[in-house]
Amino acid sequence: MPTQLEELVSFLHSEQPAVRQIALDNLVGFSTGPSQSIFKYDNCRAVKDLKELAKEKSKILMQQSVTILANLSGDPEFRRLIADDADFIKYLTSKICDLNNTCADIMCILLSNLAKEDTITQIFDLEREIFDEKTEKKDNDIFGSTKIMDCLMDCFVKGYDRKLNKYANYDYLSYFFADIARFKRGREYFIQNQEYDGVTPISKLLVFTEKYDSKTRREGVASTIKNSLFDSETHQRLLTDENINLLPYILLPIADAKDSEIDEEDMFNLPDELQLLPEDKKRDPIPAIICVHLESILLLCTTKAAREYMRSKSVYPLVRELHKNIEDEDIGELCYRIVNMLMRGDPDVGPVEEMPLKNAEDAEEEEEDVEIVQHEEEDDDDEEDSDEDAMVEVV
């Protein structure tokens with residue numbers, strides 16, 4: 001016999017709109033934690049119902065159903081059922097690009113969770129669906145491509161200040177970008193010039209590494225950069241191509257105007273963007289984000305050519321100052337590993353200044369894999385680091 005809550009779940013496919021609305025009103029609060037198991041009733045029929053409800057014209061029905069789907073997507077079984085539905089993925093991603101959509105940000109959260117499934121790479125083959133022909137011409141002035149991935153990138157880059165959609169800032173797309181960059185096809189997308197505008201997508205993201213009013217955007221972009229660096233054959237181009245100019249945007253978040261012990265010669269070897277920083281320049285206030293940038297530097301140390309380039313750009317003195325001025329065990333260990341790779345990795349490099357490692361006896365000799373950032377919905381004003389759960393709760 002089904003429980004009362006399971007019976008309530010079954011009302012999601014009632015033929016009466018009022019019954020479906022009542023069911024949604026009561027079920028949103030049960031979509032997180034252990035209680036979400038009620039949605040597995042009748043072979044997870046609720047997932048199919050919720051995907052249909054997410055396509056309703058009613059803003060309330062759409063918001064509540066997408067909220068429940070976003071919460072359920074923290075469970076692998078539910079997530080697969082959603083992500084494997086190609087038609088729903090096309091609808092979801094196209095709807096995010098609908099500039100009149102009041103639920104765009106919640107949909108971005110759902111999409112970012114779905115990016116943990118391998119099937120998400122289907123997104124590179126999808127074309128944007130048009131929902132309102134009246135605004136199509138205006139949309140075409142904003143989107144230079146009909147490909148979904150290009151349109152999502154345009155939303156993220158052009159819509160951060162709510163000028164595209166007053167209901168959305170698209171910050172959570174940064175987490176989607178970070179996860180999709182785990183896949184070879186994703187990495188290729190971010191580091192290759194795109195036909196529709198001739199620009200390398202990663203170069204569009206770099207400016208947001210210092211958007212200090214949005215932890216979500218900074219964290220996701222930092223992780224996207226890091227995950228895009230797992231193919232070492234691309235490193236030299238990313239460092240030396242003036243149209244990308246990667247290095248300054250990795251170094252700026254770890255730099256501070258008070259890093260005073262960089263001598264004049266090293267200072268003027270730094271990239272132009274880091275020379276003579278303004279007095280109010282602060283490094284990123286979140287140690288975990290600094291760690292992601294340090295992991296990117298560590299990945300760039302993979303090839304000799306990239307190490308030589310970073311030596312010529314005074315990366316070592318900058319990392320030394322960071323280590324000296326920040327009391328954080330994870331930052332300290334990463335700084336130490338960078339120094340070992342950057343300054344002692346080649347036979348022709350002479351002795352360098354010792355940089356003591358906190359808890360040196362616990363440090364590992366071998367390189368560790370860098371974990372993909374896990375994420376959950378946070379207030380942009382809350383600068384606490386909490387990456388324990390991949391599920392985003394939007395209740």
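Annotations
- Scanning the stretch 320-329 for residues that are under 23 Å from A178 (Cβ atoms) and crowded, with 18+ Cβ neighbours inside 10 Å turns up just one, L322.
- Of the criteria (1) in a helix (DSSP H, G or I); (2) over 23 Å from K215 (Cβ atoms), which one C291 fails: (2)
- When the stretch 227-271 is filtered for residues that are in a helix (DSSP H, G or I), open to solvent by 20 Å² or more (accessible area, probe 1.4 Å) and more than 15 Å from Y316 (Cα to Cα), the ones remaining, listed by number, are S232, E233, T234, Q236, R237, T240, Y249.
- Among the residues making up the stretch 182-194, those that are in contact (Cβ under 8 Å) with a residue 12 or more places away in the chain and in a loop (DSSP other than H, G, I, E, B) are R182, F183, Q194.
- Number of residues in the stretch 83-129 that are out of contact with any helix residue (DSSP H, G or I) (no Cβ under 8 Å at 6 or more places or on another chain) and farther than 20 Å from K57 by Cα equals 2.
- Count of residues meeting criterion [surrounded by fewer than 20 Cβ atoms within 10 Å (Cβ to Cβ) and either among the β-branched types (V, I, T) or in a helix (DSSP H, G or I) (or both)] in the stretch 62-80: 4
- A178 fulfils the conditions (1) crowded, with 21+ Cβ neighbours inside 10 Å; (2) modelled with pLDDT under 95 except for a single criterion, (2).
- A single entry from D49, D87, D98, D25 fulfils the requirement of being crowded, with 18+ Cβ neighbours inside 10 Å and either assigned to a helix (DSSP H, G or I) or more than 29 Å from the chain's Cα centre (by Cα) (or both): D49.
- Against the test of being more than 20 Å from the chain's Cα centre (by Cα) and modelled with pLDDT of 95 or more, the options D132, D125, D105 yield a single qualifying residue, D125.
- Tally, over the stretch 272-299, of residues that are of a type in the set (A, V, I, L, M), in contact (Cβ under 8 Å) with a residue 60 or more places away in the chain and over 14 Å from V319 (Cα atoms): 4
- Cβ pairs under 6 Å, 6+ apart, first in the stretch 196-224 and under 19 Å from K281 (Cα atoms), second of a type in the set (D, E, K, R) and assigned to a helix (DSSP H, G or I): F208/R217; K211/R217; K211/R218
- The residue that is nearest to V47 (Cα to Cα), among those in the stretch 117-137 that are among the basic types (K, R) and open to solvent by 40 Å² or more (accessible area, probe 1.4 Å), is K134.
The values are calculated or read from the model by the stated rules, or taken from the named source; none is laboratory data. If you're wondering where the values come from, they're calculated on a predicted model, not measured in any experiment. When we count neighbours, we look across all protein chains shown, and the Cβ atoms used for this are built from the backbone with ideal geometry, even at glycine. Please note that ligands, DNA and RNA were not included when accessible areas were found on the heavy atoms of the full protein model with its side chains. Shrake-Rupley method; radii C 1.70, N 1.55, O 1.52, S 1.80 Å.
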